[in-house]
């Protein structure tokens, strides 16, 4: 019996050349479980980000006169939830939504000193971190894409922070930028992929897009 249900010699028309390699385009529609997971990630990382603020304050004290640079060294940690969410659910704007939710938890419930302006930073961080994945149509999740994600997320929010804090024209401008993008690469990019791989090994995300795709590719 052939695939169209006809008997015997009936044949199915051949697929166009190259279609088997490409495969069907993955769906981009959000399911309820995707939204629930992104909300959970946002809440969890909101608490983690608040804890990172405490680490920032402690590091700034330890660094003495150079303490103002501590924020750049740790900035990549505030980028983590976006690539994690994108890699697992593989839905448009998952990174932005996750970052915004984490920011809401951080300032509305835990009292971040940055206040509501944190939402602006969250949108920039999420957009910058998600863009490299979006450019691959959410199909590539290698080390390089994660690295670019961290770099772009850190750089995009840096220029907003530089405007808000008056860093333009300062002697330390280049140093601030260099430290922040390096932190974004390591903490917001490479560490994010390590975390996603660890989550995949637990088996808890098998029913999400990352599980159906066989993990990180």
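Nothing in this text is a laboratory measurement; each read-out follows from the coordinates by a stated rule. These numbers come from a predicted model, not from an experiment. Heads up, the Cβs are rebuilt from the backbone with ideal geometry, glycines too, and the neighbour counts pull from every protein chain shown.
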How far apart, in nm, are two points set 7 Å out from the Cα along the Cα-to-Cβ line at residue 63 and at residue 139? 4.1 nm
What is the distance in Å between the Cα centroid of segment 31-46 and that of segment 49-123? 16 Å
Can you give the FRET efficiency for residue 175 and residue 199, using 1/(1 + (r/R0)^6), R0 = 45 Å, r = Cβ-Cβ distance, to the nearest 0.05? 0.85
Packing-wise, with mean Cβ within 10 Å as the measure, how do 47-59, 80-92, 189-201, 119-131 rank, highest first? 80-92, 119-131, 189-201, 47-59
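How do 32-44, 176-188, 138-150, 93-105 rank on mean C-beta neighbours within 10 Å, highest first?
93-105, 176-188, 138-150, 32-44
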Taking the simple approach of a point 7 Å from Cα along Cα-to-Cβ for both residue 207 and residue 131, what is their distance in nm? 3.6 nm
Among (i) 15.2; (ii) 11.8; (iii) 12.9, the value of mean projected area of the Cα convex hull in nm² computed for this structure carries the label (i)
